[in-house]
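The next block holds one structure in the form of structure tokens; read it before the comments.
Throughout, read-outs are computed from the coordinates displayed, never taken from laboratory work. Keep in mind that this is a model prediction, so the values were computed, not measured. In this analysis, Cβ positions are derived from the backbone assuming ideal geometry, glycine residues included, and neighbour counts consider all displayed protein chains.
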Amino acid sequence: MRRYPWARIPRFVRLVEQGQGVRAHQALGEILDQFAGEQPRLGPRKIRCGALVGHCLRAAHQAGAPSEPILRQFMTTLDAMSAARTWDGVCRTIHDYLDSLLALLRPEMIGDVERVVRVAQRDLSQNVSRPRSLASYAEESGLSVSHLSRRFTDVVGQTFSAERRQARVRAGARLLARTSLKVAAVARRVGLRDPSQFIAEFKREIGMTPAQYRKASRSPRFKPDALVL
């Protein structure tokens with residue numbers, strides 16, 4: 001069995017989820033070209049394409065397309081691929097299927113997801129002591145956790161957990177510089193019961209321990225790291 005283009009699939013799926021038709025078709029063409037270049041027989045190519053349209057189906061579902069139409073189109077596409085006599089016919093069938101999926105996506109939903117991401121990002125900064133889970137935002141907005149997680153990373157530039165960790169560190173740094181609270185108390189204020197976890201996170205993000213940071217903050221020449229501004 002020749003190589004399956006696993007490395008190309010995540011990018012293709014993201015483009016479908018985001019409703020980026022032109023780029024999604026381009027990525028699809030690249031994958032189909034790889035199939036053609038590595039597998040000379042039509043039958044095995046069709047088997048690979050069956051897995052590919054499955055990825056299309058899941059991407060459209062994650063992006064909010066209605067379940068019944070995309071499932072009907074999926075089954076129709078599998079039948080059409082099976083009946084196709086040429087590779088060009090198979091490729092046209094898959095590109096047509098992608099068009100039908102993109103037509104069912106709701107462009108306004110993409111904007112709605114970005115608004116959910118920004119609300120979550122703001123909440124993480126403002127409510128560090130009692131942060132909500134990503135699953136709670138997903139449930140509230142009617143999204144899947146996996147889709148919201150990917151969109152959060154796309155919009156913010158890092159994962160939800162990384163953003164939550166940095167929000168804790170920023171809040172902890174402010175408390176260390178502005179109060180005389182002990183490190184354990186600071187850890188509790190930012191939502192951590194275990195001071196050692198706070199110390200480890202703080203050192204990883206800032207490059208010094210909380211005690212070292214507090215001492216440094218007392219210097220008139222002290223310049224806070226951009227992370228804690």
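The Cα-based radius of gyration of the range 9-66, divided by its Kirkwood radius, gives an Rg/Rh of 1.01.
Each residue of the range 84-95 was assigned a 3J(HN,Hα) from its phi angle through the Karplus curve 6.51 cos²θ - 1.76 cosθ + 1.60 (θ = phi - 60°); the sequence is 5, 9, 10, 5, 4, x, 4, 4, 4, 4, 6, 5 Hz, with glycine and proline shown as x. Lysine pair count for the chain with Cα-Cα distance under 18 Å and sequence separation of 8 or more or different chains is 5. In the range 3-42, inverting the average of 1/r over every pair of distinct C-alpha atoms gives 10.6 Å as the Kirkwood radius. Relative contact order for the chain: 14 percent, from Cα pairs under 8 Å spaced at least 6 residues apart, divided by residue count. Projecting the Cα atoms of 222, 147, 171 onto the charge dipole of the range 92-227, computed from C-beta unit charges around the Cα centre, puts 222 farthest toward the positive end.
When a/c is below 1.5 the answer is rounded, else prolate if a/b is larger than b/c, else oblate, so apply that to the range 96-229 with a ≥ b ≥ c taken from the square roots of the Cα gyration tensor eigenvalues.
Verdict is prolate for the range 96-229.
Of all chymotrypsin sites (Phe, Trp or Tyr not before Pro) in the range 130-229, which ones are in loop regions per DSSP and have a Cβ with at most 10 other Cβ atoms within 10 Å? Those that pass, being in a loop and sparsely packed, number zero.
Over every Cα atom in the range 6-104, the radius of gyration and the widest Cα-Cα span, Dmax, amount to 12.5, 36 Å. Extent along the principal axes, Cα only, for the range 162-228: 32, 23, 15 Å, with the longest axis given first. Using the alpha carbons alone, the radius of gyration of the range 107-158 stands to its Kirkwood radius in an Rg to Rh ratio of 0.95.
If we count other beta carbons within 10 Å of each Cβ, what is the order of 98, 124, fewest first? Spell out each step's value before the answer.
Values: 98 24, 124 21.
Final ranking by Cβ density, sparse to dense: 124, 98.
Can you bin the range 51-134 into rounded, prolate or oblate? Criterion: square roots of the alpha carbon gyration tensor eigenvalues sorted a ≥ b ≥ c, rounded for a/c under 1.5, prolate for a/b above b/c, oblate for the rest. Cα axes put the range 51-134 in the prolate bin.
Just to be sure I follow the definition: excluding the sites themselves, where is the longest run in the chain that has none of the trypsin sites (Lys or Arg not before Pro) in a DSSP loop with at most 16 other Cβ atoms within 10 Å?
Looking at the chain, 133-181 is the longest stretch - no exposed trypsin sites (Lys or Arg not before Pro) with at most 16 other Cβ atoms within 10 Å.
Measuring how big the chain is from its alpha-carbon positions, Rg and Dmax come out at 24.2, 78 Å.
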